[in-house]
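Take a look at the structure below.
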Amino acid sequence: MRMYDLIHKKRTGQVLVRSEIEWMVDAYVRGEVPDEQMSAFAMAVVWRGMTDEETTDLTLAMAKSGHVLDLSSIPGVKVDKHSTGGVGDTTTLVLAPLVASVGVPVAKMSGRGLGHTGGTIDKLESIPGFSCELSMEAFLDQVRRIGVAVAAQTAELAPADKKLYALRDVTDTVESIPLIASSVMSKKIASGADAIVLDVKVGAGAFMKDLDQARRLARTMVSIGQLAGRRTVAVLTNMDEPLGHAVGNALEVREAVLTLRGQGPPDLTELCLTLGTEMVLLAGKAKEAAAARAMLERALADGSALAKWKEFVRAQGGDDRVADDLSLLPKAPVVRPLHAWADGVVTGMQAEEIGLIAMRLGAGRAKHGDAIDPAVGIVLHRKVGDPVVRGEVVAEIHAASEAAAEEAARGLRGCITLAAGHPFTPPLVLEIIR
Ligand code: URA
Ligand code: CA
């Protein structure tokens, strides 16, 4: 087979067969197909698209390009959750212990943050002592013992996706439904879960800017999941503004603990209950959504979710006293308030730009390998739809220096729109695709 012919086929709108896709992925990982040919192919897919069958073949070939986790030694239905990437998305920190506390085993591989979106691993590792670098044996053992573990994704998990994603990042070929769908699902399938809940973000802070595109992405991923024998549900959720109040690593840990204590932001709490309900249903722990949700609400109210969080943090070397004493988390030396400059209602908060400001404060990475500062970030005291009075604190900037706080404040002011009008509640859960 020649890569040139496969590029030509895709460029002229033809459909590739499984053997061609498998050969291409294998040759690319072995270095026999060079980056320039793979980039040309990716660009052809951006323009020509792929059928569901081609997308599934690409997904499975990438999933099989490295280790495929075997979770069969863990009893029960293992349900994984994945977000397509948002700003201030604190859900995994809450959901993992929450669903584990009602008996759904969580064996989760997560990534580090890149660009305007933060990563679960970086957030968890802002807890003093916490480590996500677990051996496979320790990872499986922990899930068997306490029902939950979160590990950093290893280089051996879907290496074809790792290589292709880095290439797409620099060739403007990220925004393609078949390429995103196969990238996400290859990692989920290689992670070994029996069932998958996808949080597909829609809006200004997400890859998918409009509902129609997001729905197509969600349907494609659900269909790949079914074809691969993994029951998959996609929840489409709003990402016009950051999720919850906190954006930044230790700040999001604080927010997660508050949510587990039942004192979290309403949007984050609601999203965790919605995604958790789907996970409980897929795991077969409840027959109906209302019963699943009631189990989760009870776990939040009676302290069992918070107790599971402590157990989970302790198991991975972290200081579980954080659950009772949030002052043990890293703190930024400078905390600068941003005051409302007018009376009215918050009508907009640009999620992507706020994510970038947090990244420049040091909460995220501009490129792979950059160091991050666990203490810094942004806390939004008002959210879209909330009323504001001139002079009130709308947000707080946690920074390493006065100069950094000043620069962030200038940027943040431009991200928040205040206007006359009545308070309102923006939509959060837009649609569920099963
Ligand atoms: N997240 C991924 O893992 N892959 C993509 O292509 C986009 C978002
Ligand atoms: Ca948040």
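The values are calculated or read from the model by the stated rules, or taken from the named source; none is laboratory data. This structure is a prediction, so every number in the text was calculated from the model and none was measured. Neighbour counts are summed over all protein chains in view; Cβ atoms, including those assigned to glycine, are modelled from backbone coordinates with ideal geometry.
Under the condition of being part of a loop (DSSP other than H, G, I, E, B) and either at pLDDT below 90 or away from ligand 1 (no atom under 11 Å from the Cβ) (or both), the residues counted in segment 151-167 number 5. Among residues that are over 30 Å from Arg30 (Cβ atoms), away from ligand 1 (no atom under 15 Å from the Cβ) and either buried (at least 22 other Cβ atoms within 10 Å of the Cβ) or aliphatic (A, V, I, L, M) (or both), Leu251 is included. From (1) without any contact (Cβ under 8 Å) to a residue 12 or more places away in the chain; (2) surrounded by 24 or more Cβ atoms within 10 Å (Cβ to Cβ); (3) among the small types (Gly, Ala, Ser), pick out the condition that doesn't hold for Gly31. Gly31 satisfies every listed condition except (2).
If you go through segment 204-216 and keep only what is surrounded by fewer than 24 Cβ atoms within 10 Å (Cβ to Cβ) and either modelled with pLDDT of 90 or more or closer than 15 Å to Asp80 by Cβ (or both), you end up with Asp210, Leu211, Asp212, Gln213, Arg215, Arg216.
Which condition number does Val170 fail, the rest of (1) away from ligand 1 (no atom under 12 Å from the Cβ); (2) hydrophobic (A, V, I, L, M, F, W, C); (3) touching a residue at least 12 places away in the same chain (Cβ under 8 Å) being met? Every listed condition holds for Val170 apart from (3). Only one entry in Ala246, Ala228 is of a type in the set (A, V, I, L, M) and more than 16 Å from ligand 2 (Cβ to nearest atom), namely Ala228. Identify, please: which residue in segment 320-341 is charged (D, E, K, R) and surrounded by fewer than 16 Cβ atoms within 10 Å (Cβ to Cβ) and is, among those, nearest to Asp240 (Cα to Cα)? If we take residues in segment 320-341 being charged (D, E, K, R) and surrounded by fewer than 16 Cβ atoms within 10 Å (Cβ to Cβ), then Lys331 is nearest to Asp240 (Cα to Cα).
Applying the criterion of being part of a loop (DSSP other than H, G, I, E, B) and out of contact with any helix residue (DSSP H, G or I) (no Cβ under 8 Å at 6 or more places or on another chain) to the residues of segment 342-367, the residue that is surrounded by the fewest Cβ atoms within 10 Å (Cβ to Cβ) is Lys367. For segment 243-297, the tally of residues that are in contact with a strand residue (DSSP E or B) (Cβ under 8 Å, 6 or more places away or on another chain) and of a type in the set (S, T, N, Q) stands at 2.
Please go through segment 21-46 and pick out each residue that is farther than 14 Å from Arg2 by Cβ and outside any helix (DSSP H, G or I). Arg30, Gly31 - these are the residues of segment 21-46 that are farther than 14 Å from Arg2 by Cβ and outside any helix (DSSP H, G or I).
Looking only at residues in segment 2-17 that are in a loop (DSSP other than H, G, I, E, B) and β-branched (Val, Ile, Thr), which one is surrounded by the fewest Cβ atoms within 10 Å (Cβ to Cβ)? Residue satisfying both the conditions and the ranking: Thr12. I'd like to know if segment 284-294 contains one or more residues that are surrounded by 21 or more Cβ atoms within 10 Å (Cβ to Cβ) and in the same structural domain as Val253 (by TED's automatic domain parsing). The answer is yes; a qualifying residue exists.
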